[in-house]
Amino acid sequence: MKESDLLQLIGKIYDATETPACWTDFQEQFADLFHGEGCVLYLHDLSSCRSLFGHSALSFVRHTRFDLQYAATAPYFNDNGLNVWLETSKNIPGGVVFTTSQTISDTDLQKTAFYNDWLKPQGLAYGLGGVVLRQNDISVRLGVTRTKQQGPFTTSDVESFRQLMPHLQRACNLYIKRAEAEALRNCSLESLNALPMGLILLNQHARALFCNLAAEMIIERNDGFSLDANGRFCSSVALETKALQKLIMDAIDACLGKGLCAGSTMKLTRPGSVYPLYLQISPLPSQSLSLDQMPCAVLFIFDVGSNTKLSAELLTSLYGLSLGEAQVATSLAMGATLDLIASEHHRSIHTVRTQLKQAFRKTNTRSQTDLVRLVLSGPAGFGRM
């Protein structure tokens with residue numbers, strides 16, 4: 001293979017690292033330069049004998065030039081141990097390139113169902129494969145096939161493939177790390193969305209990079225906390241807006257190494273509610289680069305007046321509270337007074353105080369503050385979302 005062709009293939013490998021859909025372009029050129037027919041890049045689990053031949057969730061698992069009818073049947077042969085090319089090369093370690101004639105003779109191949117039911121109908125007879133990665137029982141493989149007329153693969157073909165192998169390994173490792181980071185990011189976002197309080201990540205310009213569901217709901221209500229025309233967070237009271245934006249910038253400056261700020265709290269007036277919004281603004285760990293997509297500060301919003309979904313039923317199962325005792329606990333956590341609880345639930349203040357004492361005893365708390373903290377920080381609090 002010409003050096004220029006090899007360099008083009010290497011370039012396409014790294015294109016695919018950035019844009020996984022480009023794996024198909026690489027495979028098309030790979031098949032051309034190796035004078036092959038079908039080409040496949042796939043994942044195989046050696047422990048379960050399961051091949052992800054066309055798994056859409058893994059963008060480096062692709063096949064080209066195979067008849068779609070036969071491509072659809074490939075998992076059957078792979079997953080049931082009928083693909084003798086795969087079965088006879090299971091113990092080959094990562095980084096090794098081989099021809100299928102090295103793992104099973106042409107004579108023995110022609111006696112198998114894999115040959116007669118899958119290869120032969122497509123006119124295929126020879127294969128060139130490489131184990132790109134091998135991690136425990138997981139194997140990532142790249143292979144190309146030829147017809148009988150095209151002839152078997154040569155030692156020169158094997159050597160050209162070997163020159164590509166380090167780049168393929170690096171590209172697949174980068175893709176896997178990217179996929180793992182993306183999975184971790186998605187799990188983190190799901191966890192943040194489950195928080196009962198609002199959470200907003202801010203960049204160096206005090207613009208929101210991420211708002212969890214609770215924060216989005218608070219912003220949409222536009223009751224004491226909203227966005228102005230410039231995309232900055234503000235209050236319904238001008239003096240509060242000025243103080244809020246100063247606290248946010250102080251936290252951002254601390255993140256960027258321009259000041260000291262351990263975090264600040266404040267409350268915002270809500271025209272539509274007797275309950276204020278409580279805010280906590282904190283810098284994130286110091287960043288060496290001030291990029292627009294890098295979070296510099298986190299803003300927590302506590303809306304005690306809208307926690308209507310606190311689960312009294314969950315408190316009864318967790319701590320053995322009666323429904324009445326659990327209702328007292330959740331109402332306190334939502335900011336209600338004992339008098340208000342008595343009025344809303346049509347109970348005497350004596351009954352409410354008795355139920356509160358029982359809730360203290362059963363939850364091993366000693367004050368309303370302790371009980372509220374227990375409710376808001378436990379599973380019942382997270383049941384709000």
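Taking Cα centre as origin and charging only the Cβ of basic (Lys, Arg, +1) and acidic (Asp, Glu, -1) residues, the dipole magnitude of the chain rounds to 1240 debye. Decide, for segment 115-198, between rounded, prolate and oblate: order the square roots of the alpha carbon gyration tensor eigenvalues as a ≥ b ≥ c, take rounded if a/c falls under 1.5, and otherwise choose prolate if a/b is larger than b/c, else oblate. Cα axes put segment 115-198 in the prolate bin.
A quarter of the convex hull surface defined by the alpha-carbon atoms of segment 97-143 gives 3.7 nm² as the mean projection.
Taking the accessible area of segment 238-382, probe 1.4 Å, and keeping the other protein chains in place, the carbon and sulfur fraction comes to 56%. Considering only 205, 350, 44, the Gaussian network model of the chain with Cα springs below 10 Å gives its largest mean-square fluctuation to 350.
For segment 66-159, what does the alpha-carbon gyration tensor say about shape, rounded, prolate or oblate, given a ≥ b ≥ c as the root eigenvalues, a/c under 1.5 as rounded, and a/b over b/c as prolate? Oblate, since a/c reaches 1.5 and b/c is not below a/b.
For segment 168-296, the solvent-accessible area with a 1.4 angstrom probe is 56 square angstrom per residue. Across 72, 181, 359, mean-square fluctuation computed from a Gaussian network of the chain (C-alpha pairs under 10 Å connected) peaks at 72. Loop-located trypsin sites (Lys or Arg not before Pro) in segment 239-274 (DSSP state not H, G, I, E or B) with no more than 14 neighbouring Cβ atoms inside 10 Å: 258. The orientation-averaged shadow of the Cα convex hull for segment 243-302, equal to a quarter of the hull surface, comes to 4.5 nm². Kirkwood radius, the chain, all distinct C-alpha pairs, inverse of mean reciprocal distance: 26.1 Å. Between the Cα long axis of helix 155-193 and the first principal axis of the chain there is an angle of about 10°, rounded to the nearest 10.
Could you tell me which of rounded, prolate or oblate describes segment 195-270, using a ≥ b ≥ c as the square roots of the eigenvalues of the alpha-carbon gyration tensor, with rounded for a/c under 1.5 and, failing that, prolate when a/b is larger than b/c and oblate otherwise? Verdict is prolate for segment 195-270.
Here the peptides 211-221, 324-334 are ranked by packing, the mean other Cβ count within 10 Å, and the order with the highest first is 324-334, 211-221. Here segment 94-150 has 44 percent of its accessible surface on carbon and sulfur atoms, given a 1.4 Å probe and all protein chains in place. Each part reduced to its alpha carbon centroid, segment 142-207 and segment 248-285 end up 38 Å apart.
Springs between Cα atoms under 10 Å define the GNM used for the chain, and in it the highest mean-square fluctuation of 139, 105, 89 occurs at 105. To the nearest ten degrees, helix 238-255 and the longest principal axis of the Cα atoms of the chain are 40 degrees apart.
Taking all Cα pairs closer than 8 Å and separated by 6 or more residues, the relative contact order of the chain comes to 11 percent. To the nearest 500 deg cm²/dmol, what mean residue ellipticity at 222 nm is calculated for the chain from DSSP H runs of n ≥ 4 alone, each contributing -39,500 (n - 2.57), summed and divided by the residues? The helix-only estimate for the chain comes to -13500 deg cm²/dmol at 222 nm. Mind checking which of 340, 33, 105 is farthest towards the positive end of the chain's charge dipole, using Cβ charges of +1 (Lys, Arg) and -1 (Asp, Glu) about the Cα centre? Checking the options against the dipole of the chain, the answer is 340. Taking every pair of alpha-carbon atoms in segment 143-289, give the share separated by more than 26 Å as a whole percent. So the portion of pairs separated by more than 26 Å is 48 percent. Site pair residue 227 and residue 1 shows an inter-label distance of 4.9 nm when each label is modelled 7 Å from Cα along Cα→Cβ.
Helix 68-79 and the longest principal axis of the Cα set of the chain meet at an angle near 80°. Evaluated at q = 0.18 Å⁻¹, a Debye calculation over the C-alpha positions of segment 211-346 (equal weights, vacuum) places log10 I(q)/I(0) at -1.01. Calculated accessible area for segment 314-385 comes out at 53 Å² per residue, all protein chains present (probe 1.4 Å; ligands, DNA, RNA ignored).
The values are calculated or read from the model by the stated rules, or taken from the named source; none is laboratory data. Just so we're clear, the structure is a prediction, and the values are computed from it rather than from any experiment. Neighbour counts are summed over all protein chains in view; Cβ atoms, including those assigned to glycine, are modelled from backbone coordinates with ideal geometry. Just the protein is used for accessible areas: all its heavy atoms, side chains included, with ligands, DNA and RNA removed. Shrake-Rupley method; radii C 1.70, N 1.55, O 1.52, S 1.80 Å.
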